[in-house]
Structure formats: structure tokens, C-alpha cells
Amino acid sequence: MIHVLVSDSMSSEGLQPLLDAAHINVVQKKVEEVDHELHLFDALLVRSATKVTEELFEKMTNLKIVGRAGVGVDNIDIEAATKHGVVVINAPNGNTISTAEHTFAMMASLLRHIPQANVTVKSNEWNRSAFVGTELYGKSLGIIGFGRIGGEIAKRARVFGMNILVFDPFLTKDRAEKIGVSNCTLDELLTNADIITVHTPLIKETRGILNKETIAKTKKGVYLLNCARGGIIDEAGLIHHLENGHVAGAALDVFEVEPPVNNKLLKFDNVIVTPHLGASTKEAQLNVAAQVTQEVLNFLDGKPVTSSINLPTLTKELFDKIQPFYHLAKKMGNIVSQCMKVPVQEVAIQYEGSVAELETSFITKALLSGFLGARVDITVNEVNAGMIAKERGISFSEKITSNNSGYENLLEVKVFGDNQNFVLRGTHVPHYGERIVGINDFNIDFYPTGHLLYIQHQDKPGVIGRVGKVLGDHEVNIATMQVGRKEKGGEAIMMLAFDRPLDDTLTSQLAAYDDIVSVKSIDL
Ligand SMILES: NC(=O)C1=CN([C@@H]2O[C@H](COP(=O)(O)OP(=O)(O)OC[C@H]3O[C@@H](n4cnc5c(N)ncnc54)[C@H](O)[C@@H]3O)[C@@H](O)[C@H]2O)C=CC1
Ligand SMILES: O=C(O)C(=O)COP(=O)(O)O
């Protein structure tokens with residue numbers, strides 16, 4: 001018997017295929033109500049209310065999949081899920097229209113004071129002059145985050161005769177052209193928009209994207225909307241600018257803490273609120289519940305899932321086998337990125353030996369995410385690594401080879417960049433760990449961890465001694481050191497490991513020596 005816990009309220013019609021399956025036992029209760037049985041469940045279905053934490057993963061020892069009947073997964077600890085080998089899926093487009101419509105309803109209500117006017121008429125007041133509104137027509141609408149919902153809002157705004165300003169660092173030219181918008185900088189959006197609405201996920205980069213400082217850059221009398229996630233507009237910053245009159249009004253569907261008990265924002269007459277209703281329509285709820293139900297059924301049937309957030313089609317067993325290569329690949333990507341501080345056009349990965357029999361596409365994504373994570377300031381994971389690479393004009397490929405270099409398994413990554421290429425080879429030795437066994441044409445053998453220094457130099461007497469002296473003069477202790485060369489008196493390399501990071505002056509000093517070709521400091 002398979003046990004599924006549905007911890008938030010969901011459309012029964014959408015859940016029906018799960019409820020009908022004879023081999024599946026569906027329990028519709030809050031996590032807290034089944035505390036002693038948590039270890040039984042194979043699948044967990046949630047909306048935004050249930051917090052799926054590391055602690056919960058530890059208790060749900062049999063858990064294989066979390067299905068989010070909605071878009072935002074900020075209530076789920078994805079890293080912990082990945083660590084525990086639990087697949088996370090969502091229903092990415094089931095509530096797009098409902099949320100876009102709700103945002104539009106909020107915008108119209110905000111500018112025409114509909115909620116406030118409604119209350120007064122019902123209290124037998126007839127005060128028409130108190131509720132003079134503002135037209136949407138001709139106004140500039142700034143959309144921060146131009147994904148599914150942002151795009152639907154733009155379509156509706158155009159019909160209302162609004163000008164559209166978009167800020168989304170990942171918006172491709174193609175998509176922008178297709179929808180007929182142009183991407184601007186955040187500052188351009190802030191200074192030119194009459195109304196600003198946010199539609200990003202809540203992540204490190206978007207938390208407080210509208211805050212005391214950025215709101216100060218907006219037009220006086222700006223209207224702000226948040227129907228995405230509490231925290232994207234910093235509440236303290238918003239309160240500051242509502243108090244000083246800079247912000248004319250705000251419409252909020254979401255809050256930093258939900259429900260927003262004793263939240264000062266509720267005291268402002270020009271702030272209108274709803275209790276996280278963006279996705280609360282019959283249609284959206286049916287869509288999202290049906291989508292996650294189908295995905296969970298597929299997954300439990302051993303079929304691939306289509307909208308996973310972390311580790312797409314991996315079972316726990318396969319995940320366990322892949323894990324050592326996952327970590328090795330991530331580190332290799334990171335090392336290569338730090339050694340190639342130039343624009344890169346291509347990353348080519350080759351698999352040899354037993355690793356080639358595993359799900360290499362996943363390992364490739366891990367390598368790419370290590371590579372990109374070291375050079376972009378956004379969160380990169382195995383799911384978005386391919387998309388981010390493409391967006392940045394980096395092509396990537398993987399190849400299985402039947403070469404036999406003598407290793408039980410071997411990963412080789414070749415990176416092609418502006419006037420520079422770089423090759424790194426790594427292996428995982430059972431019970432021993434990760435080893436880097438080749439750099440460009442050189443054989444070497446080191447454990448990729450901590451603070452490393454990679455030096456290319458001429459194979460001449462005294463070079464190693466000079467490096468040792470410079471480090472010694474700076475009181476830097478060498479933990480381990482490997483050297484390699486192709487031929488006597490030719491090119492050579494050193495890889496040194498330290499207990500602490502090196503400062504730039506030291507690497508520049510070493511790089512200044514005639515017989516040293518390049519010095520690269522690597523922190524893992
Ligand atoms: N109030 C509600 O009930 C609902 C709220 N939501 C929220 O709306 C959010 C957006 O949903 P979708 O449009 O479906 O997601 P999406 O993934 O299609 O779009 C998000 C967009 O944000 C952009 N983005 C990421 N980082 C950014 C940054 N630093 N600056 C600017 N843009 C950035 C992405 O490139 C992407 O285009 C969800 O993450 C969720 O939190 C979604 C559905 C219902
Ligand atoms: O889909 C989303 O991101 C939402 O915010 C909807 O949340 P809910 O499922 O209504 O709790």
C-alpha cells in the first residue's frame with residue numbers, strides 16, 4: 001500500500017484519481033495531526049500553508065515526493081528535499097490566469113478605492129467625493145518578474161491602454177518581442193512607473209527588491225502591488241513610504257507572516273488586502289490538484305515527472321548511486337569556472353566507465369550548476385542550470401565514451417572560452433573519495449576541497465623553492481602539494497592546498513615571477 005498525505009485543502013475533483021486508486025491510501029490531514037505516522041507516507045501534497053522543513057524530511061523517512069499544488073515552493077526546503085533524495089514537483093501553470101486576474105482586480109480596486117467605498121455605502125454613507133479615483137488608461141505599469149503571471153498581466157494591461165515596463169534579468173529577447181515588451185533596468189522601471197507589481201519567486205535576490213531605498217526612487221504617488229509573495233516588497237520599507245505619503249496606495253495579497261496578525265500595514269486606509277487569494281478560484285484549484293495528482297501517480301508508477309523542481313526522474317536508489325558523482329561534478333564545474341575567468345562559449349562533458357551507465361544528464365546539470373554558480377549572482381541548481389547556460393550563450397554537451405584511461409570511472413570537462421580552453425578530469429574512488437586526476441595535458445592527483453592554488457610554470461630549478469619562500473614569508477602553511485610536468489625543462493604545474501584563503505597580493509606577487517606562467521586561486 002502506498003500512503004499519500006494531503007496536508008492542505010485541495011480540490012477533491014482534482015485529487016479523484018488518487019482517491020480512486022485501490023493501492024493508494026490518501027489521508028487528508030494536517031502534518032501536525034499525524035505526527036506519529038509521518039514515517040509511513042510515500043508522498044506529501046501541499047499548498048502554501050504547510051511548511052516542508054528539514055525537520056519534516058527527517059521525520060518522513062519514507063517520503064519520496066512532495067507535490068506542491070501551486071507555483072511558489074518557498075514553503076519547501078528544496079535543498080533539504082534534495083539531500084533526502086525527495087523529488088519536489090509543482091503545478092506551474094494551473095493558477096496563472098487566476099493570479100493574473102486577481103492582480104488586475106486588485107489594481108482596479110486600488111486605483112478606484114472600491115473596497116473602501118463598499119464599506120461606506122454598506123454603513124449608509126453616500127460620500128462620492130471621498131472616492132475620486134485614477135484611471136489605468138495611459139499609466140505606466142512596471143512589472144517586476146516577467147514569467148507566466150507577469151506575461152498574462154501585460155496582455156491585460158495592454159487592452160486597458162497602459163504602457164508596460166518590464167524588469168526581468170532572465171527575459172529572453174525572443175519572448176519579449178513575442179509579447180511586445182522591452183526589458184529595462186530596475187532603476188528605469190522604478191523611476192518611470194506609475195504602478196508597480198511584483199511577480200517573481202521569493203528568493204534571496206528578490207527578497208526586499210522593493211525596499212526603503214528602491215521605493216524612494218519611484219515617482220511620488222506610485223501605487224505598489226504584491227500578489228506574489230510576502231517579503232518581495234519589504235514591509236518596513238513600504239510602511240515608511242506610506243507614512244511619508246510617497247506611496248499613494250498598496251494592494252497586498254501576501255504578507256511576510258501569514259496571517260498578518262497585528263501587521264501595521266492593515267491600519268492604512270490606502271492599503272487594500274486579501275488573504276492570499278491569488279490562486280483561489282474553482283478553476284485554478286481544479287487545475288493544480290489535477291496536475292500534481294497526475295504527476296504523483298506517474299512518479300509512483302516509476303514514470304518520469306515533467307515539472308520537478310530538483311531531481312527530476314531519480315528514484316532514491318539511483319539518487320544514492322549518483323550522489324558521489326553529483327558532488328564531484330559540482331566541484332569540477334566550480335574549479336573550471338574559477339580557472340577560466342573569461343567569457344565561456346562551450347562546456348563539453350565526457351563520461352567514461354561505470355559513471356556512464358548512470359543518469360548522466362543529471363550529473364551534467366550538477367557540473368553546469370557548479371560552473372555557473374561561481375560566476376552568476378543568482379541561485380543556480382540542477383533544474384535551472386541548463387536554462388541559465390543557454391540564456392548566457394553557453395552551449396553544453398555530454399558524451400559517453402568507450403575510452404579506457406585506466407580509471408573505473410572518469411569525468412572529463414572541456415571548457416572553451418575567449419582565447420583560452422581548459423580541461424579537467426576527475427574520478428570517484430569508492431571508500432576513498434573524489435580525486436582530480438588531470439588538468440589540461442597534465443596528470444595530477446589531488447582531493448578537491450578547501451583553498452587551492454593552481455600554478456602553471458616552467459620546469460626549472462628554484463621555481464618551487466621561490467613559491468615556498470613567498471608563501472612562507474606570508475606565514476601561509478602549505479597543507480598538500482602536487483607537481484606535474486610533461487617533459488624535463490618544459491611546462492609544469494603545481495597544485496597546493498592551504499588551510500585558509502589566500503589574499504590577492506600574494507597571488508599577484510607569485511604571478512610576477514618570470515618562470516611562472518599563471519597563478520589561480522581556487523576556493524571550494
Ligand atoms: N498570490 C498567489 O496566490 C500566487 C502567487 N504566486 C507567486 O507568483 C510568483 C510568480 O509566478 P509565475 O509567474 O507563475 O512564475 P514564473 O517562474 O513563470 O515567473 C517568475 C519570473 O520571475 C523572474 N525573476 C527571477 N528572479 C528575478 C529577479 N531577481 N528580478 C526580476 N525577475 C526575476 C523569472 O525570470 C521569471 O520570469 C510565484 O513564484 C509565486 O510565488 C503564484 C501563484 C499564486
Ligand atoms: O501557487 C502559489 O504560489 C500560491 O501562492 C498559491 O498558494 P495557495 O496554494 O493558494 O496556498
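Overview of values
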{"quantity": "Residues satisfying the stated conditions in segment 137-150, i.e. surrounded by 21 or more Cβ atoms within 10 Å (Cβ to Cβ) and either in a helix (DSSP H, G or I) or away from ligand 1 (no atom under 14 Å from the Cβ) (or both)", "calculated": "Leu141, Ile149, Gly150"}
{"quantity": "Strands (runs of 3 or more DSSP E) completely within segment 418-473 that count 1 or more residues being free of Cβ contacts under 8 Å to residues at least 60 places away in the same chain and in contact with a Leu (Cβ under 9 Å, 6 or more places away or on another chain)", "calculated": "420-429, 433-439, 442-446"}
{"quantity": "Condition check for Arg466: among the charged types (D, E, K, R), touching a Gly at 6+ places or on another chain (Cβ under 7 Å) and surrounded by 14 or more Cβ atoms within 10 Å (Cβ to Cβ)", "calculated": "no"}
{"quantity": "Test set (1) in a helix (DSSP H, G or I); (2) surrounded by 16 or more Cβ atoms within 10 Å (Cβ to Cβ); (3) more than 16 Å from ligand 1 (Cβ to nearest atom) - Thr134 fails condition number", "calculated": "(1)"}
{"quantity": "Neighbours by Cβ (under 7 Å, 6+ apart or cross-chain): first from segment 254-277, closer than 19 Å to Thr197 by Cβ; second of a type in the set (Val, Ile, Thr) and buried (at least 18 other Cβ atoms within 10 Å of the Cβ)", "calculated": "Leu265/Ile239; Leu265/Val271; His276/Val254"}
{"quantity": "Among (1) touching a residue at least 60 places away in the same chain (Cβ under 8 Å); (2) under 25 Å from Ser9 (Cβ atoms); (3) buried (at least 20 other Cβ atoms within 10 Å of the Cβ) - the single one Asn226 does not satisfy", "calculated": "(1)"}
{"quantity": "Residue within segment 91-106 that is modelled with pLDDT of 95 or more, within 22 Å of Ile215 (Cα to Cα) and either more than 16 Å from ligand 2 (Cβ to nearest atom) or in contact with a helix residue (DSSP H, G or I) (Cβ under 9 Å, 6 or more places away or on another chain) (or both) present", "calculated": "yes"}
{"quantity": "Single match in Ala250, Ala290, Ala236 (criterion: assigned by the TED database to the domain that holds Met107, touching a residue at least 40 places away in the same chain (Cβ under 8 Å) and more than 10 Å from ligand 1 (Cβ to nearest atom))", "calculated": "Ala250"}
{"quantity": "Criterion: touching a Ser or Thr at 6+ places or on another chain (Cβ under 9 Å) and of a type in the set (Lys, Arg) - qualifying residue of Lys64, Lys51, Lys59", "calculated": "Lys64"}
{"quantity": "Any hit, segment 194-210, residues being within 11 Å of ligand 1 (Cβ to nearest atom), touching a Leu at 6+ places or on another chain (Cβ under 8 Å) and part of a loop (DSSP other than H, G, I, E, B)", "calculated": "yes"}
{"quantity": "Residue within segment 138-150 that is over 26 Å from Gly208 (Cα atoms) and out of contact with any Lys or Arg (no Cβ under 9 Å at 6 or more places or on another chain) present", "calculated": "yes"}
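Conditions tested, residue by residue: (1) of a type in the set (A, V, I, L, M); (2) within 36 Å of the chain's Cα centre (by Cα); (3) at pLDDT 95 or above.
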{"residue": "Ile388", "(1), (2), (3)": "yes, yes, no"}
{"residue": "Ser402", "(1), (2), (3)": "no, yes, no"}
{"residue": "Gly426", "(1), (2), (3)": "no, yes, yes"}
{"residue": "Val476", "(1), (2), (3)": "yes, no, no"}
{"residue": "Thr480", "(1), (2), (3)": "no, yes, no"}
{"residue": "Arg485", "(1), (2), (3)": "no, no, no"}
{"residue": "Gly489", "(1), (2), (3)": "no, no, no"}
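The values are calculated or read from the model by the stated rules, or taken from the named source; none is laboratory data. Remember, it's a predicted structure, so these values are computed and weren't measured experimentally. No Cβ is skipped: glycine too gets one built from the backbone with ideal geometry, and neighbour counts run over all protein chains shown.
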